[in-house]
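Only one structure is covered here, and it is reproduced in the block below.
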Amino acid sequence: MENNVNLSEVGGSGRDGRVLKEDILHYLSRQTGAIIPPSSPSPPLSPPPSPSSTPSSPQSSSPPPPPVVQRFTEDRSVVIKGVQKVMSRTMSASLLVPHFGYSDEVDLSRLVSLRRRLQTHAETRGVKLSYMPFFLKALSLALYEFPILNAHLDDRCESLTYKASHDIGVAMDTPGGLVVPVLRGIERLPLLAIAAELSRLQSRGRAGALGAAELSGGTFTLSNVGSIGGTYTHPVILTPEVAIGALGKIQVLPRFNERGEVVAAHIMKVSWSADHRVLDGATVSRFSNLWKSLLEEPASMILHLA
Ligand code: COA
């Protein structure tokens, strides 16, 4: 109350998700950018910037606050719980899946300039348009052609269920750890609606407020780890899904154009992992080629407007 904090926006690290004093301090430090080492005495609670002093227009590009750093002077064991526990359980289950890896590079030069042009339109509607909505829309269009990648496989590998809805899990880096909220029915959503839903889930992820309903039931997962860094990766399938994609950092690199001239191109690497019990390399390659072609010629997505 002292700091006008809305508790539903603070992730609780206490038993049963209780919000502890430390959670409030970390929340406030994220607002103010302060770093609180674990051994330091609790600083006085300083008020976060008032909403009026930090306009939340989509154009504001304030740098993200630095992460809260813990420095250990002696060994300390902690119980694996919460998001980390879920990650450990899910990833152990994935070990049973024979992963098949496939990678390629995508020339996003046209998409980079298209997004630049569309950003202003999105911003006038209060929506931040990142690259993800394009990656997701192209993914959905490719899944229409290759529904076997949007399927669930049962534990005993006896039944494959083709899922009608494209419910795409998006790996999200949050202060509480890796979470994978799901954007539902993206085949029915226009780009702006995908962008708005992604922003909504990002804010809830930052506040540690994502609920079980938002974190389950995905039919395919996309991880844009390139927004942090890296080129190639080896993503791990979230069962019962049968495939996952991971995107590297967009880099400006020299490439040949159709006239054989060297030009500066915006290149992004994509790494797919697929369950080799139900998917073969040729299918994944054809699917990837389609997704890639939609992003390399983004105007072609207009042909698929409903
Ligand atoms: N390469 C280079 N820059 C990228 C990029 C990429 N692959 N993807 C996004 N960016 C840029 C964005 O354009 C944005 O810049 P801008 O504000 O100038 O437009 C900036 O990086 C931040 O983007 P972000 O706010 O993260 O939005 P997003 O829609 O691109 O990504 C998430 C949303 C949720 C995917 C992202 O925030 C995230 O959490 N990524 C990490 C996923 C992860 O941890 N994966 C590992 C799982 S094991």
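Quick notes
- Condition met for Gly245 (over 27 Å from Ser13 (Cα atoms) and either touching a residue at least 60 places away in the same chain (Cβ under 8 Å) or of a type outside the set (S, T, N, Q) (or both)): yes
- Checking each residue in region 284-300 for being surrounded by fewer than 17 Cβ atoms within 10 Å (Cβ to Cβ) and within 16 Å of Leu114 (Cβ to Cβ) picks out Ser293, Glu296, Glu297, Ala299, Ser300.
- Each residue in region 161-207 was checked for being among the polar types (S, T, N, Q) and within 12 Å of the ligand (Cβ to nearest atom), and 4 of them qualify.
- Note on region 237-259: among residues that are over 18 Å from Leu139 (Cα atoms) and open to solvent by less than 50 Å² (accessible area, probe 1.4 Å), the one that is nearest to the ligand (Cβ to nearest atom) is Leu253.
Residue-by-condition table, conditions (1) within 11 Å of the ligand (Cβ to nearest atom); (2) open to solvent by less than 50 Å² (accessible area, probe 1.4 Å); (3) of a type outside the set (A, V, I, L, M):
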residue: Val106; (1), (2), (3): yes, yes, no
residue: Arg110; (1), (2), (3): no, no, yes
residue: Leu118; (1), (2), (3): no, no, no
residue: Gly126; (1), (2), (3): no, no, yes
residue: Ser130; (1), (2), (3): yes, yes, yes
residue: Pro133; (1), (2), (3): yes, yes, yes
residue: Lys137; (1), (2), (3): no, yes, yes
residue: Leu143; (1), (2), (3): no, yes, no
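- The residues on offer are Leu111, Leu139, and the sole one that is at pLDDT 95 or above and either over 18 Å from Trp272 (Cβ atoms) or assigned to a loop (DSSP other than H, G, I, E, B) (or both) is Leu111.
- Count of region 142-165 residues which are farther than 17 Å from His304 by Cα, assigned to a helix (DSSP H, G or I) and among the aromatic types (Phe, Trp, Tyr): 0
The values are calculated or read from the model by the stated rules, or taken from the named source; none is laboratory data. Bear in mind that the values here come from a model prediction, so they are computed numbers and not experimental data. Cβ coordinates were reconstructed from backbone atoms using ideal geometry, including for glycine residues, and neighbour counts include every protein chain displayed. Protein only, heavy atoms only, side chains kept; ligands, DNA and RNA dropped before computing areas. Shrake-Rupley method; radii C 1.70, N 1.55, O 1.52, S 1.80 Å.
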